[in-house]
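Please read the structure below before turning to the comments.
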Amino acid sequence: MSFPRESPGSGWELAEHLAETLDVGPGTRVFEVDCGSGDFLLPLHANGYIVGGIDADADSIAHAVASMPDGIFQVGVAAALDPAIPWDVVICRSFSSVPDLDHARGMLARMFAKATHAIAILDVPDERRSWMVHALAEVGANAIQIEAVRDTDAERFHVFARV
């Protein structure tokens, strides 16, 4: 599926890549952990996906709500992620800023419990690669796909995993 672009940029390409890799389409419920103002979710929203997210910054969430009034957004920290409210796909682009691996393991487990189809962890520093594979196995992920990020000088990767 090709996303029509209102404006060019890597966010549109990455959102399209996410949809193709996870084999999802319009109507899919996509939730972002630490979503900020929802910029990554905009191309998905524009293409008929149901979007939502959580972020600690109330101003960012207000911007997300203004941009996508039918989205489901909440102010809160990633540790408050409620797995009892399921979404098809749960993504996180801020995994590199998680303070320690125990916190990261808990966040990954909550993301996996919340997702009914897949999770995606985007733009992870390469030094966390072996840890990530082990942690995903611990939570029961399958069909794990790891891709090197090619548009940066730093060694980074994306992870896509089915629930």
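Structure above, values below:
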quantity	calculated
Only one of I61, I85 that is in contact with a strand residue (DSSP E or B) (Cβ under 8 Å, 6 or more places away or on another chain) and aliphatic (A, V, I, L, M)	I61
Residue within region 116-124 that is at positive phi, part of a strand (DSSP E or B) and surrounded by 15 or more Cβ atoms within 10 Å (Cβ to Cβ) present	yes
Residue in region 86-96 that is modelled with pLDDT under 95, at negative phi, part of a helix (DSSP H, G or I) and not aliphatic (A, V, I, L, M) present	yes
Residues satisfying the stated conditions in region 55-85, i.e. surrounded by fewer than 19 Cβ atoms within 10 Å (Cβ to Cβ) and assigned to a helix (DSSP H, G or I)	A58, D59, A62, H63, V65, A66, S67, A79, A80
Qualifying residue in region 107-114 (condition: in contact with a helix residue (DSSP H, G or I) (Cβ under 8 Å, 6 or more places away or on another chain), modelled with pLDDT under 90 and closer than 22 Å to R162 by Cα)	yes
Enumeration of residues in region 141-158 that are of a type in the set (A, V, I, L, M, F, W, C), within 22 Å of L41 (Cα to Cα) and in contact (Cβ under 8 Å) with a residue 24 or more places away in the chain	V149, F157
Number of the exception - P99 against (1) over 16 Å from the mean Cα position of the chain (by Cα); (2) surrounded by 13 or more Cβ atoms within 10 Å (Cβ to Cβ)	(2)
Residue within region 129-140 that is at pLDDT below 95, more than 12 Å from D34 (Cα to Cα) and among the polar types (S, T, N, Q) present	yes
Contacts under 8 angstrom Cβ, first residue in region 119-140 being without any contact (Cβ under 8 Å) to a residue 60 or more places away in the chain, partner part of a helix (DSSP H, G or I) and basic (K, R), 6 or more apart	A135/R105; E138/R105
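The values are calculated or read from the model by the stated rules, or taken from the named source; none is laboratory data. Quick caveat: nothing in here was measured; it's all calculated off a predicted structure. So basically every Cβ, Gly included, is an ideal-geometry build from the backbone, and we count neighbours across all protein chains shown.
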